Amino acid sequence: MTEEHPAFLPRIIGHRGACGSAPENTLASIARAIELGARAVEFDVTISRDGHPVVMHDFNLDRCSDGHGPVVLKTAEEIATLDAGGWFAPEFKGEHIPLLSDALELVASKGVALNLEIKPTLGWEEPTARAVAATLKSKWPADARILVSSMSTPALDVFGDLMPDTPLGLIVYAVPGQWRELLDRHNCLSLHCYSAFVTKELVDGVHASGHRLHVYTVNDPVEAGALFNMGVDSVFTDHPDRLLAARIVTGKEAPR
Ligand code: G3P
Ligand code: MG
């Protein structure tokens with residue numbers, strides 16, 4: 001797959017923005033990742049009770065905001081009143097849980113690539129995928145680089161039917177034996193897995209079947225170097241600056 005292919009992501013992807021130095025999945029975190037040199041960012045998207053996609057990793061509001069309970073029981077208006085920065089550090093107080101549309105606008109304005117992870121509350125796979133597709137259709141520039149991923153195969157299937165030209169990625173934790181069949185069944189161009197499950201055999205197999213391998217979450221430059229030497233295509237990191245500063249040499253292009 002060449003760099004011109006729409007599914008091609010840069011080698012270093014800011015995880016939840018740059019969640020090592022800013023509150024995850026906020027506009028501040030996305031902006032920080034780009035300031036730190038990332039040429040791609042990942043964030044997670046779920047929906048509110050009234051169907052608005054918002055940038056949030058957890059089913060519940062408690063860990064990353066001053067709200068409580070399931071995201072899917074609150075309206076977008078209620079979610080917008082919450083503070084999503086003070087839990088991380090006082091200087092981020094006043095950050096909000098972004099609407100997907102606001103996060104898309106920021107990423108597109110910076111000209112970096114996006115890996116949007118659909119993170120549906122269990123049972124809300126279809127409306128979440130539909131809401132993400134509708135927002136992308138109206139807000140994301142047609143020529144901007146995006147890959148949509150999920151651990152939820154129902155969400156990938158619904159999204160894929162609505163936006164068949166957008167590349168898809170399947171996220172797993174441990175790599176299942178039937179990964180090839182899963183990628184084919186759900187029309188995915190990439191496999192995303194936890195770093196401990198990467199082997200050279202897996203990398204070679206993924207490439208031989210015409211797919212790409214993206215690995216999370218890699219914050220140690222030495223580990224990143226070893227993964228790139230095995231042929232891993234991209235890593236998700238909470239600290240893009242650490243990996244970029246290490247100038248990891250792989251015999252390929254600089255690790256951006
Ligand atoms: O997409 C890679 C990574 O973000 C998946 O795990 O839990 O951080 O969304 P998680
Ligand atoms: Mg994610």
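Overview of values
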{"item": "Inter-probe distance in nm under a simple model that places probes 7 Å from Cα toward Cβ, at residue 122 and residue 185", "result": "1.9"}
{"item": "Accessible area (Å², 1.4 Å probe, nearest 10) - residue 64", "result": "10"}
{"item": "Within the chain, longest stretch free of exposed GluC sites (Glu not before Pro) [DSSP loop, at most 11 other beta carbons within 10 Å]", "result": "5-252"}
{"item": "Exposure of residue 62 as accessible area (Å², to 10), given a probe of 1.4 Å and all protein chains", "result": "80"}
{"item": "With all protein chains modelled, accessible area of residue 68 [1.4 Å, Å²]", "result": "130"}
{"item": "DSSP bridge pairs, the chain: antiparallel proportion in percent, nearest 5", "result": "15"}
{"item": "At 0.890 mPa s and 25 °C, Stokes D of the chain from Kirkwood alpha-carbon radius, µm² per second", "result": "135"}
{"item": "Computed over the range 123-193, Kirkwood Rh from alpha-carbon pairs, angstrom", "result": "12.5"}
{"item": "Estimated 222 nm signal from helices in the chain, with DSSP H stretches of n ≥ 4 weighted -39500 (n - 2.57), rounded to 500", "result": "-9000 deg cm²/dmol"}
{"item": "Of all accessible heavy-atom area on the chain, the percent that carbon and sulfur account for (1.4 Å)", "result": "53"}
{"item": "Largest to smallest accessible area among 194, 216 [probe 1.4 Å]", "result": "194, 216"}
{"item": "Nearest-0.05 FRET efficiency for residue 75 and residue 222, computed from C-beta distance (R0 45 Å)", "result": "0.50"}
{"item": "Three-way shape label, the range 22-137, alpha-carbon gyration tensor, a/c 1.5", "result": "oblate"}
{"item": "Estimated FRET transfer efficiency when R0 is 35 angstrom, pair residue 109-residue 196 (beta carbons, to 0.05)", "result": "0.45"}
{"item": "Per residue, in Å², the accessible surface of the chain once ligands and nucleic acids are set aside, probe 1.4 Å", "result": "42"}
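The values are calculated or read from the model by the stated rules, or taken from the named source; none is laboratory data. Worth saying up front: this structure is predicted, and the values here are computed from it rather than measured. Here Cβ is always computed from backbone atoms with ideal geometry, including for glycine, and neighbour counts include all displayed protein chains. These area figures cover heavy atoms from the full protein model, side chains too; ligands, DNA and RNA do not enter into them. Shrake-Rupley method; radii C 1.70, N 1.55, O 1.52, S 1.80 Å.
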